[in-house]
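These notes concern the structure reproduced below.
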Amino acid sequence: MDKSAIKYAFNKTLPVLFGYLFLGSACGLLLYKAGYNFIWVFFISVFVYAGSGQMLLASLLTAQAPFATVAVLTLLLNSRHMFYGLSFIERFKKAGKMYPYMIFSLTDETYSMLCSTTLSKTVDDGKIIKAIALLDHCYWIAGCVAGALLGQILSFDFAGVDFAMTALFVVIFVEQWKSFKSHIPVYAGVICSLLSILIFGADNFILPSLILTVGTLTALRSFIERDDPKREVVKACQ
Amino acid sequence: MSITTYSIIAIAVAALCTFATRLVPFVLFGGKKEVPQIVNYLGKVLPSSIIAILIIYCVRSVDFTSGYHGCAEISAILLTAVLHLWKGNTLISIGGGTVFYMFLIQYIFV
């Protein structure tokens, strides 16, 4: 790996370093509380590698949820990632053999880093994107393992630390609320899930509410696009 | 099934599903095919609905009709949102909201 690319990427990814050490620690702590020590946490953060996904996994593991539930909820939570890749179909080809790894490691933070990294004149873009993806992954693993170790060492009452997952969703919620004019998608999600809870109960409401929401949003398309004509998902990341 | 076997399979399922979501656009549109309008549209609007659904998922087992009526959850969610609107710093918002929640359930709404 190229030294100048690593250096360039390290400077770029400093905000992710702090973010991941913090969020990773919270995640590692949650997994530790769920009964998984730092060795488990290491492998989970290497192979799952998803912030909100791992927090959700901690609560699913605690509840010993059925595998189908694990699959549906993980797919649902990460479904936003399906749209990240659209911006990088061409650019990732520069990563050569690491192409599959680039897809695997496309988290929210790596996505925004790659979006904000314009082509450098001195260092090869393929090397830079590989270095960014790898560094981010390392930060994440370090944060998660540190959190699990902290949980093991500190004799502190961590009851309620699982609220970190809710807080993370609230933060994402606020950011989406601010960036879009039309709030119909939010209302649709809330109303459809409350309806689904009434009909299907609190344990099985996710899938029906998603289906209802997709139906509602498809039906209201012209209405929503009139409010938010500029809403763009594929940013200029090429 | 032992808890270890269960955990390994559950983790593998989560890992595969996470990778699958990231892989979808490369498989579907890697060959330079046009992204259908409806996919593009849902990609824009669905994330906000999904996050709203997930917040409800997080508080699904809170009893709003008796006990403390979800006071700890509601106030910690509000604090997180206000902190984020005010400072716009993810660490402050999540850290502040979580510490406040831990304080509430350990000392106030015991």
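The values are calculated or read from the model by the stated rules, or taken from the named source; none is laboratory data. Note that this is a predicted model, so its numbers are computed, not measured. Quick reminder, even Gly has a Cβ in these numbers, built from the backbone with ideal geometry, and neighbours come from all protein chains shown. Remember, those area values only see protein heavy atoms, side chains included, never the ligands or the DNA or RNA. Shrake-Rupley method; radii C 1.70, N 1.55, O 1.52, S 1.80 Å.
Largest first and in whole Å, what are the equivalent-ellipsoid semi-axes of segment A:22-63 based on the Cα gyration tensor, each being the root of 5 times an eigenvalue? List each step's numbers first, then the result.
Working: eigenvalues 31, 25, 20 Å².
Rounded to whole Å, the semi-axes are 13, 11, 10.
Averaged across B:95-104, how many Cβ atoms of other chains sit within 10 Å of each residue's Cβ atom?
Details: counts 5, 1, 7, 10, 5, 3, 8, 9, 1, 2.
Mean inter-chain Cβ contacts per residue within 10 Å come to 5.
Counting only Cα, what are the radius of gyration and maximum Cα-Cα distance Dmax of segment A:102-160, in Å?
So, for segment A:102-160, Rg and Dmax equal 16.3, 51 Å respectively.
Normalised by the number of residues in chain B, what is the relative contact order in percent for Cα pairs under 8 Å and 6+ residues apart? Intermediate values should be presented prior to the final figure.
Working: 34 pairs, mean separation 16.3, N = 110.
Contact order relative to length: 15 percent.
Once you place label points 7 Å from the Cα toward the Cβ at A:Leu150 and A:Val46, how far apart are they in nm?
Simple spin-label model gives 2.3 nm for this pair.
Taking the alpha-carbon distance from A:Lys7 and a cut-off under 15 Å, which aspartates and glutamates remain once sequence neighbours fewer than 8 residues away in the same chain are dropped?
A:Asp124, A:Asp125, A:Asp136
Please list, ordered by chain and number, the residues whose modelled amide H lies under 5 Å from the amide H of B:Asn89; skip anything fewer than 5 residues away on the same chain.
Hits under the 5 Å cutoff: none.
In angstroms, what radius of gyration and Dmax does segment A:1-77 have, counting Cα atoms only?
Over segment A:1-77's Cα set, Rg and Dmax evaluate to 15.1, 47 Å.
List the accessible area buried at the contact between A and B, summed over both sides and calculated with a 1.4 Å probe, in Å² to the nearest 100. It would help to have the intermediate numbers written out before the result.
Details: alone 14080 and 9060 Å², together 16250 Å².
Answer for the A-B pair: about 6900 Å² buried.
Calculate the dipole size of chain B relative to its Cα centre from +1 charges on Lys and Arg beta carbons and -1 charges on Asp and Glu beta carbons; express the result in debye to the nearest 20.
Numbers: 6 positive and 3 negative charges, 87 e Å.
Taking the Cα centre of chain B as origin, the dipole is about 420 debye.
Compute a Gaussian network model of chain B, connecting alpha carbons closer than 10 Å, and tell me which residue from B:Gly88, B:Gly30, B:Gly67 fluctuates the most.
B:Gly30
Within segment A:30-121, which trypsin sites (Lys or Arg not before Pro) sit in a loop by DSSP and count at most 13 neighbouring Cβ atoms inside 10 Å? Numbers along the way, then the final one.
Numbers: sites: A:Lys33, A:Arg80, A:Arg91, A:Lys93, A:Lys94, A:Lys97, A:Lys121; in loops: A:Lys121.
Sparse-neighbourhood loop trypsin sites (Lys or Arg not before Pro): A:Lys121.
How far apart, in nanometres, would the label points at B:Val59 and B:Leu85 be if each is projected 7 angstrom from Cα along the Cα-to-Cβ direction?
In this crude label model, B:Val59 to B:Leu85 measures out at 1.5 nm.
Can you give the Rg/Rh ratio of segment B:1-101, where Rg is from the C-alpha atoms and Rh is the Kirkwood radius? Kindly include the intermediate steps, with their values, before the conclusion.
Values: Rg = 19.4 Å, Rh = 17.5 Å.
Answer for segment B:1-101: 1.10.
Quote the relative contact order of segment A:181-233 in percent (integer), defining contacts as alpha-carbon pairs under 8 Å separated by 6+ residues.
Numbers: 29 pairs, mean separation 23.0, N = 53.
Relative CO of segment A:181-233 lands at 43 percent.
Using a 10 Å cut-off around each Cβ of peptide A:54-61, what is the average number of partner chain Cβ atoms that fall inside? Working shown, then result.
Numbers: counts 3, 1, 4, 7, 0, 2, 4, 6.
Mean partner shielding for this stretch: 3.
Using every Cα-Cα pair within the protein assembly as shown, state what percent have a distance larger than 36 Å. Present the calculation step by step, with values, prior to reporting the outcome.
On the way: 11088 of 60378 pairs.
Of the Cα pairs, 18 percent sit more than 36 Å apart.
Measure off, as a whole percent, the carbon and sulfur share of the 1.4 Å-probe accessible area of segment A:3-153, all protein chains present. Intermediate results must be reported in sequence, preceding the final value.
Values: 4210 of 5940 Å².
The nonpolar share, carbon plus sulfur, comes to 71 percent.
Quick one: if you take sqrt(5λ) for each eigenvalue of the C-alpha gyration tensor of segment A:3-153, what semi-axes come out, biggest first, whole angstrom? List each step's numbers first, then the result.
Values: eigenvalues 167, 68, 23 Å².
Whole-Å semi-axes of the equivalent ellipsoid: 29, 18, 11.
In Å, the Kirkwood hydrodynamic radius of segment A:181-233 over pairs of distinct alpha carbons? Each step should come with its number before you reach the end.
On the way: mean 1/r = 0.0860 Å⁻¹.
Its Kirkwood hydrodynamic radius stands at 11.6 Å.
Partner chain Cβ atoms within 10 Å, averaged over the residues of B:68-76 - can you pull that number for me?
Mean shielding count: 1.
Within segment A:109-238, what is the number of lysine pairs with alpha carbons under 21 Å apart, leaving out pairs fewer than eight places apart on the same chain? Write out the running numbers ahead of the final one.
Values: A:Lys121/A:Lys130; A:Lys130/A:Lys235; A:Lys178/A:Lys230; A:Lys178/A:Lys235; A:Lys181/A:Lys230; A:Lys181/A:Lys235.
Eligible lysine pairs with Cα atoms under 21 Å apart amount to 6.
Based on alpha-carbon centroids, what's the gap between segment A:17-82 and segment B:32-110 in Å, whole number please?
17 Å
Excluding ligands, DNA and RNA, what is the solvent-accessible area per residue of segment A:37-164 at a probe of 1.4 Å, expressed in Å²? Walk me through the numbers before you get to the answer.
Working: 4920 Å² over 128 residues.
Heavy-atom accessible area per residue stands at 38 Å².
Leaving out ligands, DNA and RNA, what percent of the accessible area of segment B:7-62 is carbon and sulfur, probe 1.4 Å? Show your work: numbers first, answer last.
Working: 1560 of 2270 Å².
Carbon with sulfur: 69 percent of the solvent-accessible area.
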